[in-house]
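Rule-based calculations on the coordinates, nothing more; no lab input. The structure displayed is predicted, hence computed values, not measured ones. Positions of Cβ are backbone-derived with ideal geometry, glycine not excepted, and every protein chain shown enters the neighbour counts.
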Amino acid sequence: MKFIKKKSFFIKENKVTDKKAYLNRRKILKGIGSLLFLPFGSEAKIHNRYYKYEVNRPLTKLNIIKKYNNFFEFGTSKQIWKSAQKLNTDDWKIQIEGGKFDNISIYHEDLLKFLNIEERIYRFRCVEAWSMVVPWEGYELSQLIKYLEPDKNTNFIEFETFYEPKQAFNQNQTWYPWPYRETITIQEAMNPLTFIATGVYGQPLPKQNGAPLRIVIPWKYGFKSIKSIKKIKFLKKRNPSFWEVIAPKEYGFWANVNPNFPHRRWSQKEEKDIGTGKMYPTKLYNGYQESVEHLYKGIDKKVLFF
Ligand SMILES: Nc1nc2c(c(=O)[nH]1)N[C@H]1C(S)=C(S)[C@@H](COP(=O)(O)O)O[C@H]1N2
Ligand SMILES: [Mo]
């Protein structure tokens, strides 16, 4: 497969090879913090952080990103950050099903030794009509997939979260189809926007945000961005995901952001920025249309946007 490098969403000069220099940049950035405002479609160079397009609003403060979460394993409110600290993320292994590493468990730490770590500033849109802007740190999912060498007939990748009812009390609620599962197509997974986050604001990913690794798919509703991944499966046929099992008419497989396709119970036209409380008009594919719409040629619009 061929990939176009240097797309406009790439954030340059921010490879986290030199941690000290990186943290210094953080200090500089702190000063301008939330004054950061980039008109949509513009380009900006802010000290050493350079990025282009897609961010038409201030970065959301770390403290807000860390204290307003959806992580149903730890409860159904937004205030789960304390209970999420119970999750044991030491010596985290990921089990692979299919491809070259079929049935093998790999330490995430070992993968990090050779994967290229970078920063990506993405807007993040929850299906509940709130949003934020996050400077994630991590790696392109395509890098990992190339390493794992899936079989040629792989159509989907399924991700699974842990099942640890002793650590995550809400997993004792047996009417939920635990563990949390999400699936994307192999083409979506190989899209250069699709990211595995291992950090935020230059810090290791907080447990409540899905440590030690979670997906970020910025053009889809947030529920697709599965946290604390324990299993990666290469599949020919997909299985229903966690939310699809719970409410198939409300949370579908594609879940691409679209202001003109309301949720069954509310409008998706606008979204509330959790950092500022400001309302913004929602954008088709959350503003990432240019990079992803080619993935959906010929697919019925009735299914693409929920
Ligand atoms: N394992 C797991 N992953 C999950 C969820 C969850 O409940 N469990 N919630 C999803 C939803 S609905 C959203 S909006 C985002 C929230 O990510 P954040 O808490 O880092 O903002 O995580 C997604 N990933
Ligand atoms: Mo969400």
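List of remarks:
- Extreme residue, farthest from ligand 2 (Cβ to nearest atom), among residues of segment 195-223 that are among the basic types (K, R) and within 21 Å of I145 (Cα to Cα): R214
- Single match in E140, E109, E164, E128 (criterion: within 29 Å of G202 (Cβ to Cβ) and in contact with a Phe, Trp or Tyr (Cβ under 7 Å, 6 or more places away or on another chain)): E140
- Taken as a whole, segment 129-152 holds no residue that is more than 11 Å from ligand 1 (Cβ to nearest atom), assigned to a loop (DSSP other than H, G, I, E, B) and hydroxyl-bearing (S, T, Y).
- Entry remark, segment 153-163: residues being within 12 Å of ligand 1 (Cβ to nearest atom), over 30 Å from S267 (Cβ atoms) and part of a strand (DSSP E or B) number 1 in total.
- Selection within segment 79-96 - farther than 15 Å from P206 by Cα and assigned to a loop (DSSP other than H, G, I, E, B): D91
- Selection count, segment 56-92, where residues are away from ligand 1 (no atom under 12 Å from the Cβ), under 17 Å from A129 (Cα atoms) and in contact with a strand residue (DSSP E or B) (Cβ under 7 Å, 6 or more places away or on another chain): 1
- Just one of (1) in a loop (DSSP other than H, G, I, E, B); (2) within 30 Å of D90 (Cβ to Cβ); (3) aliphatic (A, V, I, L, M) fails for I299. It is (2).
- If you filter segment 237-261 down to residues that are surrounded by 12 or more Cβ atoms within 10 Å (Cβ to Cβ) and among the charged types (D, E, K, R), you find that the one that is nearest to the chain's Cα centre (by Cα) is E244.
- Inter-residue pairs, beta-carbon under 6 Å, first within 14 Å of P212 (Cα to Cα) and assigned to a loop (DSSP other than H, G, I, E, B) and in segment 223-237, second small (G, A, S) and more than 16 Å from ligand 2 (Cβ to nearest atom), 6+ apart: none
- Taking the criterion of being of a type in the set (V, I, T), part of a loop (DSSP other than H, G, I, E, B) and touching a residue at least 12 places away in the same chain (Cβ under 8 Å), the residues of segment 164-217 that qualify are T194, I217.
- The set of residues in segment 122-137 being more than 14 Å from ligand 2 (Cβ to nearest atom) and of a type in the set (A, V, I, L, M) consists of V133 alone.
- Yes/no for I226 being within 15 Å of ligand 2 (Cβ to nearest atom), aliphatic (A, V, I, L, M), under 23 Å from F305 (Cβ atoms) and under 19 Å from the mean Cα position of the chain (by Cα): yes
- Considering residues of segment 112-159 that are among the aromatic types (F, W, Y) and touching a Gly at 6+ places or on another chain (Cβ under 8 Å) only, the residue farthest from K230 (Cα to Cα): F124
- Residue that is surrounded by the most Cβ atoms within 10 Å (Cβ to Cβ), among those in segment 86-115 that are more than 20 Å from the chain's Cα centre (by Cα) and in contact (Cβ under 8 Å) with a residue 60 or more places away in the chain: G98
- Residues located in segment 262-288, provided they are surrounded by 16 or more Cβ atoms within 10 Å (Cβ to Cβ) and free of Cβ contacts under 8 Å to residues at least 60 places away in the same chain: K283, L284
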